[in-house]
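For reference, the structure is listed below as structure tokens.
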Amino acid sequence: MLAQLVDMSLWESVVRALIPVLLAAIGGLICERAGVFQISLEGMMLAGAFAAVAAAHVTGSALAAAAAAAVAGVLLSLVLAFGAVSRGGNAIVLGVAINILAVGLTSFLLPQLFGVRGSFQPEGGVRILRIAIPGLSDLPFIGPVLFNLSILGYAALLLVPATWLFLFRTQLGLRLRGVGERPLAAETLGVSSTVYRYAAVVASGVLAGLAGAQLALGNVGVFTEGISSGRGWIAVVAVMLGRAHPFGVLAACLLFGFTEAFGFRLQGQGYPVQITDALPFVVTLVALVIARKRFRRLLDLTASTV
Amino acid sequence: MTVALVVAFGLGAVVIALTGGDPLAAFGEMLTGGFTGSGLRNTLSRMIPIVGMALAFSLAFRSGVLNLGGEGQMLMGALFGTMTAIVLPGPGPVVIVAALLVGAAVGALWALLPALGQTKFQVPLLITSLLLNYVARATTSYLVRYPFGEPGAAFASTVAVPESNRIPDFPFLGGGISISLFFVFGLVALLAVVYRRSVFGYETAMLGFSGPFARYGGVDVERKTLLVMASAGAIGGLVGSHLVLGETYRYIDADMIAQTGFAWTGLMVSLLAANRPVAILLAGFFFAGLQIGGFAMERATKVSWQLAEMIQALVIVAVVSRLGLTWRRRRKLGEEVGPPQPEMETAHVGEV
Amino acid sequence: MTTELELRGITKRFPGVLACDGIDLTARRGEIHCIVGENGAGKTTLMSILYGLIPPDEGEILVRGEPVRFHSPLDAIRRGLGMVHQAFKLFPSLTVAENVIFREEPAKLGWIDRKRAVARVQELADAYGLAVDPTAVVEDLPVGVLQRVEILKALYRHASILILDEPTAVLTPQERDRLFDVMRRLRDSGRTILFITHKLAEVMSVADRITVLRNGKAVAELDPATTTPEEISRHMTGRDVEPVRAGAPTALGDVVLSVRSLTVRGAHSLPVVSDVSFDVRAGEVVGIAAVAGNGQTELIEAIAGLREIESGTVTLAGVDITHLDVAGRRRAGMSYIPEDRHRVGTAAAASVSENLLMGYQRTDRMRRGAWLRRRAVADHAGRLKDEFAIKVSGVDVAAGTLSGGNLQKVALAREMAHDAPLIIAEQPTRGVDIGAIEFIHTRLVAARDRGAAILLVSAELSEIQSLATRILVMFEGRIVAELDPDRVDEAEIGLHMTGGKVAGA
């Protein structure tokens, strides 16, 4: 039975489930490094998905859809940046309000613009461009899993090492980390924490917006109310589990992607859909509890050898 | 707050205009629909879950505990409260009380999960309480479809609660308003006094102001966290139970998932009211009226009612961004405003 | 010698306070210029203005004869100023080299040249005797080293004027002497050093010139060769100050606090307090002297119930409190003035009255069943406000608006009013003005005289020497010496504090 559940096509769906979460989580980790607790990823993702579908419907262009998604994410991110960075408001409360705002905005606009409720399928069947890399995509196992992705899929995977290089090897990355840790100290040395925090929050807006585009137009090509269905929150957890380190966050996202794909597989085996719905959240919760314990045990073990 | 309201309604008007509507007509319908005539009665009715969830949120939040799990606590309480009312034999009033107690207990237990996660494992409650909402949705949805479901129903739902076990309406006011409203008023009064006058109110307020200070002063932080979360969950469970026993009379899965919005409206009401019970009552009335007015507006002008939800969120964004009044508790300034103090660094912008 | 820096008529007003009142100051190239004054005299405000952190209302600043206007510290840095703040402005998770090069990174096309960064930092460190490993992560380093990193940061930015804000507060006497050597070396290389302090002995040993501030005015410029500590002190306070004499302790009573073989583990599960045993008797003040980070904080937290005890026992007035919670310990007779008065000792957003109530809310005097007695709470707050001369318009004012000294009085008043058998006082006078210091010391001595057992932790050796009946020195989590304050001098205590005299080692 396990062989039926875990095979190559499972890994394909793992990567597919992983990508939107990873995009959003990288945005979240950049914010975390800049010292802004970013919990509005869920709302920005939702707004991005809506904008992508709306733009795809109007223009019929995937590029315009992606651009619209990024813009939607940025607009919401600016609300957070203004409130939390410029006005010193509580970032967590703002994040919650932005998530609610995104739900209200999308469910208001859906009937208002398209005269439908629940879900909307744009005309023209626009999808985010999928590219099979010649040669590589024919490799056994790895090929279909890693080299037959949408453009946003490649972008997400490449962003992991790129973010690492940016944070730990560049001037801007060093300054961003400094701002996140001691904004006043950075300020006295001439690094504006406001600028870096705005930049980080806006970057997360772009990425979470694109994550929404991938969600809506990556495979199916439809917007459903609440389409983000908690993935933005999973991304927040991935940042926590991965301790805001790009590779750690990737690992946490992989865990989520695997769980979601596995859940779908179980559903295919006749298990109720609710198990699929709950599984990623249950696994994430368990991971959070284990992660805490593991850190402590690890510390105890190292302590005895010092 | 005036500024926040102007900004929120202003942006709302812009959105209406951009999508081809008439803002003034829409707002007019919204206000008359929500605060006059039969709309007013619906508004009072809608205050029950909104003010209830707001009180639940305020209990934890004023203690520095950010409980985002209102949804799940409401759903779990509602389902088990409903099942009790359906299966328990006995005289109506007794069954109703028992059902409400079960609903409260289940809501409390559900809220204790993230609370224990925080006190035992140091896993932040903010995130776990939120994640558990999705687990609660799936769990209730499963239960109401399979073991608790009405066999052969077109959509996932329990059977109807026997008539004797339903929460009655007020005999006056022309009907349509559950006596639960009376209990909500009572809860507002109770919490107002508890917050201001009791040892518990004092200790939890200090915990909200500064955790290290409260711990240092001898407040049992872990126990207080568990206590406020359990109380918040219990109120959530009561609200959920009311929604079935006093409103719809059967637990309908899709319907209840839609009603989880009350948890978030309640959260916003509590934020707007700075966690003060009497202010929550007023803000709850206002937000409930906006929503009811929203339905009237949609019928009359084809501007969809979710505009109300949007405006509410904008009000909170504006208030939290300190456009005008701050949402924090305001204090008179002492005259001791002095030269620079050794400044403190914070890791995050605007920590709770 | 040429003039490096000149301040003319610097004036700064805050609501209700004239923090700087027409201050003139001239510092020459290659001199160590001490700026002394009580807390609240305007030192910090003046330096903040000089460093571009806040703009002056009036007056001008001239650097090497040229009038300048600083809108931010960056402007000041560009003009060759460097500042070592009292609270270090370092990034804990970054390395020493990353901290030093921050914002001025050697780089190609945005990529940091890490080899060059490390080499450059090493070079600077060697040149001025600032021993430090450029690749070490800052959060793992002791305070003395952090200060060197701060100095390196300024030197890396080509500072010709270096402002040191109370740099010795966190150092042992030995570390302090090393710092003075570095300062002299920097002076001899032609730099100007503004050294802010209120310790007169240091002024006398290192200054080339002294400016005294009082109530926002520069009241005197003195030459250390021709002045005396007494004269400086008179200028600082405008009167003669008698240090609080502890006076002869009354007869010692019973053991109040007894700590036996106490071991506490820290963040990395390493023992931060190892096998510590001592007693405090009624009517005595036991002082704990230690360099920051040697376990004294954890020891106090463990006694106070804020940190888990690994092994050992703590007994208070005959009751084993090892496994009691904070409330239980307080009932057993503990009161505690904590080091961090902003976060632990008070709640800024709560009112003064609410702050004063903490710890009393469950006493029968303050409550009837579940409810607070509102009249009793108000009386309690009003009484303490008067008795401890807390300067505030009313007890409903938020505590966060109070000045440091007043805030400390809130914590002090609350804890002293318990009349508890044990008082733990942790850095009770840090950052408060001389008037408040006198007040706090008098109160502690009075408590001792009525028979309280006092456990005092202080970074100010002079405070420990003048108040303590016995001194316990902690080093690396252990008590390494018990000293009689009348028979040792600062140097000897300092030697113990740095592990120089570990018994049997």
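The values are calculated or read from the model by the stated rules, or taken from the named source; none is laboratory data. Only a predicted model underlies this, so the values are computations on that prediction, with no experimental measurement involved. Note that we place each Cβ from the backbone using ideal geometry, even for glycine, and neighbour counts take in every protein chain shown. Just the protein is used for accessible areas: all its heavy atoms, side chains included, with ligands, DNA and RNA removed. Shrake-Rupley method; radii C 1.70, N 1.55, O 1.52, S 1.80 Å.
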Of the residues in the stretch A:102-124, those that are open to solvent by less than 10 Å² (accessible area, probe 1.4 Å) and facing another protein chain (nearest Cβ under 7 Å) number 3
Counting only residues that are loosely packed, with under 13 Cβ neighbours inside 10 Å and acidic (Asp, Glu), how many does the stretch C:344-372 have? 1
Kindly evaluate residue C:187 against the criterion of being buried (at least 17 other Cβ atoms within 10 Å of the Cβ) and either under 28 Å from residue C:143 (Cα atoms) or modelled with pLDDT of 90 or more (or both). yes
Residue B:175 is checked against (1) away from chain C (no Cβ under 14 Å); (2) open to solvent by less than 10 Å² (accessible area, probe 1.4 Å); (3) of a type in the set (Gly, Ala, Ser) and fails just one. What number does that condition carry? (2)
Would you confirm whether any residue within the stretch A:155-169 is in contact with a strand residue (DSSP E or B) (Cβ under 6 Å, 6 or more places away or on another chain), more than 14 Å from chain C (Cβ to nearest Cβ) and open to solvent by less than 20 Å² (accessible area, probe 1.4 Å)? no
Criterion violated by residue C:120 - all others in (1) within 30 Å of residue A:166 (Cβ to Cβ); (2) surrounded by fewer than 23 Cβ atoms within 10 Å (Cβ to Cβ); (3) within 11 Å of chain A (Cβ to nearest Cβ); (4) touching a residue at least 12 places away in the same chain (Cβ under 8 Å) satisfied: (3)
When the stretch C:278-330 is examined, which residues are found to be among the basic types (Lys, Arg) and either open to solvent by 50 Å² or more (accessible area, probe 1.4 Å) or free of Cβ contacts under 8 Å to residues at least 12 places away in the same chain (or both)? C:281, C:307
Give the residue, chosen from A:244, A:278, A:261, that is in contact with a Lys or Arg (Cβ under 9 Å, 6 or more places away or on another chain), within 13 Å of chain B (Cβ to nearest Cβ) and more than 30 Å from residue B:306 (Cβ to Cβ). A:244
Select from the stretch C:373-391 the residues that are open to solvent by less than 20 Å² (accessible area, probe 1.4 Å) and either among the small types (Gly, Ala, Ser) or assigned to a loop (DSSP other than H, G, I, E, B) (or both) and list them in ascending order. C:381, C:388, C:390
Which helices (runs of 4 or more DSSP H) does the stretch B:1-98 wholly contain that include 1 or more residues that are open to solvent by 30 Å² or more (accessible area, probe 1.4 Å) and over 30 Å from residue B:149 (Cα atoms)? B:2-18, B:23-35, B:37-61
Those residues of the stretch A:183-198 which are open to solvent by 20 Å² or more (accessible area, probe 1.4 Å) and under 17 Å from residue C:87 (Cβ atoms) amount to A:184, A:187
The lone exception for residue B:132 - which of (1) more than 19 Å from the chain's Cα centre (by Cα); (2) part of a helix (DSSP H, G or I) it fails: (1)
Please tell me if residue C:409 is within 14 Å of chain B (Cβ to nearest Cβ), surrounded by fewer than 19 Cβ atoms within 10 Å (Cβ to Cβ) and farther than 20 Å from residue C:256 by Cβ. no
Residue A:92, sole failed condition from (1) open to solvent by 20 Å² or more (accessible area, probe 1.4 Å); (2) touching a strand residue (DSSP E or B) at 6+ places or on another chain (Cβ under 9 Å): (2)
Could you tell me which residue of the stretch C:26-61 is nearest to the other protein chains (Cβ to nearest Cβ), considering only residues that are within 14 Å of residue C:83 (Cα to Cα) and free of Cβ contacts under 8 Å to residues at least 24 places away in the same chain? C:48
For the stretch C:155-184, which positions are open to solvent by less than 40 Å² (accessible area, probe 1.4 Å) and assigned to a loop (DSSP other than H, G, I, E, B)? C:157, C:159, C:160, C:166, C:171, C:172
Say whether the condition of being more than 22 Å from residue C:186 (Cα to Cα) and either part of a loop (DSSP other than H, G, I, E, B) or open to solvent by 10 Å² or more (accessible area, probe 1.4 Å) (or both) is met by at least one residue in the stretch C:76-86. no
Kindly indicate the residue of the stretch B:206-224 that is under 21 Å from residue B:274 (Cα atoms), open to solvent by 10 Å² or more (accessible area, probe 1.4 Å) and part of a helix (DSSP H, G or I) and also farthest from the other protein chains (Cβ to nearest Cβ) among those meeting that condition. B:224
